[in-house]
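Report on one structure; see the data block that follows.
The values are calculated or read from the model by the stated rules, or taken from the named source; none is laboratory data. Here the structure is a predicted model, which means the values were calculated and not measured. Ideal geometry is used to build each Cβ from the backbone, glycine not excepted, and the neighbour counts take in all protein chains shown.
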Amino acid sequence: MEALPHPLLVIGKGLAIDYVNSAAEDFFQMSASVLCRHSLLDVVAFGCPLIALVEQVQRNGTTVNEYGVELSSFRFESTKLVDLYGGPVAVGDGSVMVMIQQRSMAQMIERQLTHRGAARSVSGLAAVLAHEIKNPLSGIRGAAQLLEGDCDESDRTLTQLICSESDRICKLVDRMEIFGDERPLQREPVNIHDVLDHVKQVASTGFASNIKIVENYDPSLPPVPGSRDKLVQVFLNLVKNAAEAIGDSRKDGQITLSTAFRPGVRLSVPGSQARVSLPLEIAVEDNGSGVPADLIQHLFDPFVSTKPSGTGLGLALVAKIIGDHGGIIECDSRPRYTVFRALMPMASRDGTTRTAETTEQDEAHI
């Protein structure tokens, strides 16, 4: 049980904690001796589903599994999404063994595949809009301009309104046309630190001139296979969103750009047996107002925005570009702390993406 990578607890009578393994110590950020001096009621939040699961197993003597449970504790900075597995211990004294499996990484990949599907839907919609809306709009705008010369002053306001609204719709369609670009990505090894330095320079001299930008880089990070211009577009968008979340009035605003090597993440390639390793983590963190909890699940979906005047296409485009590079992106947010993490593959010597099998040989040397 000590060797298991998942938190394991044995709960006795009165919800007393009789045993925890080392993974449970890490999970609850408490030592085994401290945990075993308390009951489950002292460790998890009031009304936590884990308590109900243990009581159900003790009452019925049967195995109970629950999936996608939010687990809260005074030791956690935020709730954790977990799967719970509980069953009676064979000794028959009412003890219950509970295993906890955290779903953060699995959920991240599952959400990212959903984001990619949503981006593909917008791609088809963008192609339709480009052909079926822009052409009629140009005719409507042209007709309004012709009418404007023959109208009196009161009617001219209406023709100008037709022209301005037509221009606004055309701009929205132009932004959506980006999603319709299905051309293969021209990949080359890209130094992600050069990308972040360029983004920092643009931000510091423009929209984030009043915000402190901190660098926390791993200098040994290998190149990313992809397009430098598109990666600049991604992280410039994320930094701009961070600056807008902080606002102009804050004197303590800070954006942190960080990179790290995180081996162990694998993503299956659809339609093949290959697995891609995603060991490169690039993060953009800010101390702004945060993302509302009801939007965090849908943040990368098209037309979802936290800004009153936002179109909701910026982060959808970010998810598409990261997906085109073979990576995944996820957001974690609470008040005064928001971080966007992009997990990206490594580049081989010819600039292509390394599979999991080829990367495993290199991870030990980095």
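A few points about this structure:
- Qualifying residue in the range 272-283 (condition: crowded, with 17+ Cβ neighbours inside 10 Å, basic (Lys, Arg) and either at pLDDT 80 or above or farther than 23 Å from LYS80 by Cα (or both)): no
- Taking the range 43-86 as the range and being part of a strand (DSSP E or B) and touching a Gly at 6+ places or on another chain (Cβ under 9 Å) as the test, the residues that pass are VAL64, ASN65, GLU66, LEU81, VAL82, ASP83.
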